[in-house]
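Just below is one structure, and these are the notes that go with it.
Bear in mind that the values in this text are calculations on the coordinates, not laboratory data. Note that the coordinates shown come from a computational prediction; the quantities given were computed from them, not determined experimentally. Positions of Cβ are generated from backbone atoms using ideal geometry, with glycine treated the same way; all protein chains shown enter the neighbour counts.
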Amino acid sequence: MYSESDLQDAVAAGALSADAAQALRDHVARMRASPVVDEEHFRLLTGFNDIFVAIASIILLVAVGWLGNSLRLGAAEHHPSIASGLLVAAASWGLAEYFTRRRRMALPSILLLGGFVGGVAFALAALAGQILPDRDDRTGGLIVSAVALASAGAAWAHWRRFMVPITVAAGAAAGAAVVAGLVLFIAPGNERLWVILLLIAGLAIFALAMRWDMSDRGRTTRRADVAFWLHLTAAPMIAHSLFHLLGVFEGNEMGIGKAVMVIALYVAFGLVALTIDRRALLVSSLAYVLFALYALFHKAGAVELSAAFTALVIGSALLLLSALWHRARAWIVGGLPDALTDRLPYLDRPNAGQATA
């Protein structure tokens, strides 16, 4: 089985013409009775060897980090060692030179990116712990910002070398953490400000995801994969902060008014998801609507079966939405102005005019 990334690599290498690759995509779309653009592909596994290499990489990185922790480098016995993070980062980069740059293995590439960026962040945090063992919240905020800024830089360097799609999302999340640390320095203990900041960061990352999406409306290049991970990063930040600001979970139980409000907001998320053809918002806010429906059934008297009724309703609704996704999206997008629809993913994949990687 060949993935979308394999097709892109084959076209880039000259093994397959762009027209032939597009003809193959169109054929598969017709066979599946669903346009390829609506499938929301992203590459995670190319075969079981991805899982095999991922497991081996995790074992190796854990061992390297463990051994590095024995090199104290001036750290106290109860403090983590800088060497642990540095060795994990170096090992992750070295492994990525083969498994990412040459083999283009998806799952190991994601793990190795996490090992590299996480190793850099761990080393800097350990260094800060040695220099400032006793610190208050404001100092901790500056440390968070500094570590996050370095992590964003590490993600940028990794992207320039390996161009793993999830790297942009990792860098965006690190950028949000930079601002969060500065807010902690300026206004420590202000929970509402934190939630507002989370919402703003989520909306900013969502806007960045849409920018990547609009550059590949046919979703035939790596840009669509980058947008997928950005949407997956932004969605929980938006959903959690909105529900928190609305006071959904204030108090010991959810009232009928709050439950209806949660369901209405979930429907709004569904309309946005259909419009942009991304399902991340629906998945990220699923726990909230499950809890809301459970509360409604519980209030209605179905105490023992409220959980079963909730699962039945949500499961059936999501499966029905999946089956009718293309029709529902055509109905919603068809009612939007042309100036907006011309920037959204295609309802049907055209034969020409696709963005290139």
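Per-structure values
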quantity	calculated
Prolate/oblate/rounded label for region 89-247 (Cα gyration tensor, a/c 1.5)	oblate
Neighbour cut-off at most 12 other Cβ (10 Å), DSSP loop, GluC sites (Glu not before Pro), region 181-255	GLU250, GLU253
Signed unit charges on C-beta, dipole axis of the chain, positive-most listed residue LEU271, ALA235, ALA83	ALA83
Pairwise Cα inverse-distance average, inverted: Kirkwood Rh of region 99-179 (Å)	13.3
Positive minus negative residues near ARG102 (Lys, Arg vs Asp, Glu; Cβ under 13 Å)	+2
Alpha-carbon centroid distance for the pair region 266-315 / region 137-204, whole angstrom	30
Only Lys, Arg (+1) and Asp, Glu (-1) charged, at Cβ; the chain dipole about Cα centre in debye	460
Length released on extending from ILE196 to LEU67, taking residue separation times 0.36 nm less the Cα-Cα span	42.3 nm
Efficiency of FRET between THR275 and ARG102 - r from beta-carbon atoms, R0 41 angstrom, step 0.05	0.55
Cα-centre dipole for region 82-197 with unit charges at Cβ (Lys and Arg positive, Asp and Glu negative), debye to 20	620
Modelled FRET efficiency - R0 22 Å, ILE314 with LEU246, Cβ distances, 0.05 increments	0.65
Lys/Arg +1, Asp/Glu -1 at C-beta; region 150-238 dipole; positive extreme among LEU182, ALA207, VAL195	ALA207
Cβ-Cβ FRET estimate between VAL283 and ARG135, R0 fixed at 41 Å, reported to 0.05	0.65
